[in-house]
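The values are calculated or read from the model by the stated rules, or taken from the named source; none is laboratory data. These numbers come from a predicted model, not from an experiment. Here the Cβ positions follow ideal geometry from the backbone for every residue, glycine too, while neighbour counts run over all protein chains shown. The accessibility values were calculated without ligands, DNA or RNA, using every heavy atom of the protein model including side chains. Shrake-Rupley method; radii C 1.70, N 1.55, O 1.52, S 1.80 Å.
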Amino acid sequence: WYPAVAFNGTNYLVAWQDARSGSQDIYASRVTPDGHVIETNGMPVVTVANDQRLPAVASLNGDFLITWQDGRNGTANQDIYAARITGGGQLMDTNGFVVSNAANSQSAPAVGIVGTNYVAAWHDFRSGVSLDVYAARITRAGSVLDNNGILISTAANDQWNVAIAGNGDTGLITWQDGRNGTDDDIFGARINASGTVLDANGIAISQQTGQQRFPAVVPLGSDFYVTWQDNRAVSDFN
């Protein structure tokens, strides 16, 4: 379930959620550009207790980082974990390392490259009131630079379904936002390589009538291109 993929200039790395052992684990395989699967049955990235779900992948300097939602500490206390895999296919962090284990649950991570580090972003229930957006920088060596997370948005109601893309020394984190209390909208915030949020609590990207949800973002020249699912036409999503 839920495959994610990144390219390091030589091979792709595909990661997915895998139930072959009975609970959900994270597996990965490298795939060559001509479609040859190098790890034919997948390499186990994390196989600890309870479920590990929703992987995301990015590549930096030829290596890879996989992030995921991790239930090893209980289903009501999901955390964000990560593990590095080299371009040669070596798993550097057996069963992963903690990116965020704040109170309550942290879920559904996204990961990109900003400057010389990975940046993971996720929706976070540490407030116990509503979902907020947090992020953390992770070095290529596997050090988490922001152990308590960087607060991206704590606007009213839920902010969730996070996506991220980097464009040199600036990244854009986007999310589905319920601050207006009725239909969800699309908001985003830029973050720089030092971890400074350039748009406190986010800027509106789309506040059309109806629901806007599930954003995705990629770099476009010196800017970013954001897409989302939208039912402003009421009868259907486009």
Among strands (runs of 3 or more DSSP E) entirely inside the stretch 150-201, those with 3 or more residues being in contact with a His (Cβ under 7 Å, 6 or more places away or on another chain) are 159-167
Tell me, which strands (runs of 3 or more DSSP E) wholly within the stretch 1-92 include 1 or more residues that are open to solvent by 60 Å² or more (accessible area, probe 1.4 Å)?
4-7, 12-18, 43-46, 52-60
Residues of the stretch 152-167 that turn out to be of a type in the set (S, T, N, Q) and either open to solvent by 10 Å² or more (accessible area, probe 1.4 Å) or free of Cβ contacts under 8 Å to residues at least 24 places away in the same chain (or both), as a count:
4
Qualifying position, being under 25 Å from Gly115 (Cα atoms), hydrophobic (A, V, I, L, M, F, W, C), open to solvent by 20 Å² or more (accessible area, probe 1.4 Å) and out of contact with any Ser or Thr (no Cβ under 7 Å at 6 or more places or on another chain), among Phe214, Phe237, Phe224
Phe224
Any idea which residue in the stretch 168-183 is surrounded by the fewest Cβ atoms within 10 Å (Cβ to Cβ), counting only those that are modelled with pLDDT of 95 or more and of a type in the set (S, T, N, Q)?
Thr170
Could you tell me whether Ala108 is open to solvent by less than 20 Å² (accessible area, probe 1.4 Å), out of contact with any Lys or Arg (no Cβ under 7 Å at 6 or more places or on another chain) and of a type in the set (Gly, Ala, Ser)?
no
How many residues of the stretch 154-176 are closer than 15 Å to Trp122 by Cβ and touching a strand residue (DSSP E or B) at 6+ places or on another chain (Cβ under 6 Å)? The answer is 12
